[in-house]
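First up is the structure itself, then whatever we jot down about it.
Just so it is clear, none of the values below were taken in a lab; they were calculated from the coordinates. Since this is a predicted model, take the numbers as computed values, not measurements. Here the Cβ is made from the backbone with ideal geometry for all residues, glycine too, and neighbour counts use every protein chain on show.
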Amino acid sequence: MMQMLSNCIPLLTIVASVLFIYTLRGLSTAATSSNGNLCGMIGMAMAIACPFLHYMLLPSQNDASWQVLGSWAVMGVGGIIGLCIARRIDMAALPQLVAAFHSLVGLAAVFIACAVFAAPDAFGIVESAYNSIPMSNATEMSIGAAIGAITFTGSVVAFGKLQGLISGKPLRYRGQHIVNLSIAIMTAIAIIMFIIDQASWIFCAVILLSLIIGYLLIMPIGGADMPVIVSMLNSYSGWAAAGIGFTLENNLLIIVGALVGTSGAILSNIMCKGMNRSLMNVVLGGLGGGGDQVAALDSSVRGNVKVCNPEDAAFIISNAGSVIVVPGYGMAVAQAQHAIKELADILKGEGTTVKYAIHPVAGRMPGHMNVLLAESNIPYDDVFELDDINHEFGATDVVIVVGANDITNPSAKTDPTSPIYGMPVLDVEKAKTVLFVKRSLGSGYAGVDNPLFYRENTMMILGDARKVVEGILKAIKE
Amino acid sequence: MLNAEMITIFILACFVGYYVVLKVTPALHAPLMSVTNAISSVIIVVALDAVLVGLHDAERGVGASVWFGAFAVLLAAVNIVGGFMLTRRMLSMFASKKKRSTEKRS
């Protein structure tokens, strides 16, 4: 019986790993994704069973069943908190919620590293409590703890910025890179010192310095770069798990850590490509630095801006045969997606084709726009990615840009001096009419003026995205 | 010093992760983030080890490792349930109007 149980643990580990891979595989299509998520839950249940089996197999020296009950109680409390958060959360708050979840993984990794440091013998990496931790385990442990700590404070700052608790404006000061570099070097030195002499104050120093790095790394980064940062922190949380896995020689953690780490890395890469920037450039900060970088257009390009009201827009839209909606962060802020869906339904009823064009970096996290459109029951088949729809703008009557700016800026294609030059953009200017729903005439996040505003075929409708779309809706209904 | 077996597993898992995630449709990138967040909380396994096995010998009583482990269990449990449930909620919004699964990236 005991033999059977002890064989169970590696078996469960393998099955759980396969189920986790299948979870990610399921996300390749919307149809298979729910089953994939279910596989993930089963895999997690199997993984959680392992430590309990392990406990049962121990030669019992004292009755510690309160520890079993205690673990269930703690998991239960955590689970209920998690359930409430997941149920209650407004989809508009999705990016900050994901950032908050990342911070929890980072903090948990730090706590686990502390637990291992406090009692290495309990995890079987040393013979007795009086032996020092082997060098390789100490290396992996300190690196795991450092990545966990960076993930924690980095995600907390990202959360604060997304939630609006901290100004989304990048925080910059003179000598910033030198300060960051010297703290990074200090951390590296502390890790090396810890490997040689496992004093607890050095371990604390490693964690403390890493916490500072996480804060300093994310503070200078502005709101629109958040898709990259959230993906990067996603990746870090995976590497932290892998680091803990290496320390404790736990294959499941290594596999999961590698899966999550690569997943986050791929997402950050996709987001960087969507902005035509390197990860280093985003992290070190280059864009949206403030006043000095505003590339104002010369007056020859600047012409008159045509501002119209929702009633005029309704007239134009109702005469169109094809419409493409380009959503941006402004739609998310104003929660305009439900009004857009209603408008699209009316137009479709009159035989107009309505499509949606999603730029990879629209919004504040990867896939942000898709989730909001799906929330308002907009059909999955009407929503297109940049590469799939960009050739269609020329044949489109009306493009409605809702709360987006830089991702439509044609100067990214034509003006080599523009800070966003080279960034892939949606070719909305090729459409017969472009309706810009925007809060103000201000420049976009990148601080770049958008020549589209001054074009003959562009109409600006200023105001809150939801109110404007509702206004159009009302006018069309009449 | 380095454990070759673990490194092999790590590198192979990176490759698996790379090819699997590359196939994920861009529309589902948000659920991808929340589900990877949930599964990275599998570190709860070692946190539970800290609590359950941590101080199995009565000699030293309840030590710091049990408390650290318990905190980690709490945080990871929030993440696991929160992450999976959030993913489920998002996916149900996509699934409710599936007509045909996307033909691109097959």
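Charges at C-beta only: +1 for Lys and Arg, -1 for Asp and Glu. How large is the resulting dipole of segment A:310-477 about its Cα centre, in Debye rounded to 20?
380 debye
Using only atoms on other chains, find how many Cβ atoms lie within 10 Å of each Cβ of peptide A:139-148 and report the average.
Per residue, the average neighbour count from other chains is 1.
Placing one identical point scatterer on every Cα of the protein assembly as shown and ignoring solvent, what is log10 I(q)/I(0) from the Debye formula at q = 0.06, 0.07, 0.08 Å⁻¹?
Treating every Cα as an identical point scatterer, log10 I(q)/I(0) equals -0.33, -0.45, -0.57.
Once label points are set 7 Å from the Cα along Cα→Cβ at both residue A:92 and residue A:166, what is their separation, rounded to one decimal in nm?
Taking the two extended label points, one gets 2.3 nm.
Looking at the square roots a ≥ b ≥ c of the eigenvalues of the Cα gyration tensor of segment A:1-88, which shape do they give, rounded for a/c under 1.5, prolate if a/b is larger than b/c, or oblate?
oblate
Give the distance, in whole Å, between the Cα centre of segment A:359-424 and the Cα centre of segment A:9-28.
35 Å
Could you pull the Rg and Dmax for segment A:92-286, using just the Cα atoms, both in Å?
Final numbers for Rg and Dmax: 17.0, 54 Å.
Can you compute the FRET efficiency between residue A:14 and residue A:338 using 1/(1 + (r/R0)^6), with r the Cβ-Cβ distance and R0 = 56 Å? Round to the nearest 0.05.
The pair residue A:14/residue A:338 has a calculated efficiency of 0.80.
Averaged over A:31-39, how many beta carbons belonging to a partner chain fall within 10 Å of each residue's beta carbon?
So the per-residue partner count for this stretch is 6.
Would you calculate the separation in nanometres between label points at residue A:66 and residue A:200, each defined as 7 Å from the Cα along the Cα-to-beta-carbon direction?
Between residue A:66 and residue A:200, the label points sit 2.2 nm apart.
In the protein assembly as shown, if the dipole is taken from +1 on Lys/Arg beta carbons and -1 on Asp/Glu beta carbons about the Cα centre, which of B:73, A:394, A:373 is farthest to the positive end?
The Cα lying farthest towards the positive end belongs to A:394.
Does segment A:35-162 come out rounded, prolate or oblate by the C-alpha gyration tensor, with a ≥ b ≥ c the root eigenvalues, rounded set by a/c under 1.5 and, if not, prolate when a/b is larger than b/c and oblate if not?
Oblate, since a/c reaches 1.5 and b/c is not below a/b.
Which number gives the lysine pairs in chain A that have C-alpha atoms under 19 Å apart and are eight or more places apart or on different chains?
Lysine pairs meeting both conditions in chain A amount to 18.
Can you bin segment A:143-257 into rounded, prolate or oblate? Criterion: square roots of the alpha carbon gyration tensor eigenvalues sorted a ≥ b ≥ c, rounded for a/c under 1.5, prolate for a/b above b/c, oblate for the rest.
oblate
How much length, in nm to one decimal, is gained on full extension between residue A:306 and residue A:192, taken as 0.36 nm per residue of separation minus their Cα-Cα distance?
That works out to 34.7 nm of additional length.
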